[in-house]
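Could you have a look at this structure, given as structure tokens, before my questions?
What follows is calculated from the coordinates using simple rules that are stated; it is not laboratory data. As the structure is a prediction and not an experimental result, all values here were calculated from the model.
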Amino acid sequence: MKIDTPTIADLTNMQHTHTNVVNGGLLGSVPFQIGEADVSGNYELDATLYKDWIIGEVTDATIINLNNTVNGDAGMIEVIMDGTGGYAVEFGIMFTKQMGERVLDTAAGKDNIISWRKVGESNIIYTIAQIEA
């Protein structure tokens with residue numbers, strides 16, 4: 001059986017039409033929650049219910065913060081740059097230890113994935129990779 005990979009539009013539509021919540025995403029549909037910028041342009045991602053996030057289009061300089069994590073939590077954050085790109089994207093202070101030397105590709109239209117795991121009380125260890133079409 002072949003399973004098609006959903007597009008961002010599919011994920012957005014599914015996210016808004018399903019309401020059953022479990023850890024890591026929406027029950028039986030989307031494994032990622034859509035992140036939205038706050039009034040300052042930053043992303044405050046809450047790991048209480050969701051561990052996996054999509055930041056659909058970064059449109060300006062921003063900081064990505066991950067809040068309410070506990071020891072053992074793990075997830076992914078997909079970060080997609082808009083058609084202009086080139087913005088400064090930083091991680092909040094809760095991201096303490098990067099594994100590997102990759103950086104976010106902030107060029108126009110680039111798609112990045114950050115895998116993260118909370119270790120102990122204060123460390124979020126993370127890696128960065130690019131998603132190729």
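Can you list residues from other chains, or at least 5 along the same chain, whose modelled amide H is less than 5 Å from the amide H of Gly85?
It is Gly109, by chain and number.
What is the gain in length, in nm to one decimal, between Ala107 and Glu121 on full extension, counting 0.36 nm per residue of separation less the C-alpha to C-alpha distance?
Full-extension gain reported as 1.6 nm.
Would you work out the relative contact order for segment 22-133, in percent, from Cα pairs under 8 angstrom that are 6 or more residues apart?
In percent, rounded to a whole number, it is 22.
Residue by residue, what Karplus-based ³J(HN,Hα) values in Hz, rounded to whole numbers, does segment 40-48 have, using 6.51, -1.76 and 1.60 with θ = phi - 60° and x for Gly and Pro?
Result, rounded to whole Hz: 8, x, 8, 10, 10, 8, 9, 8, 4.
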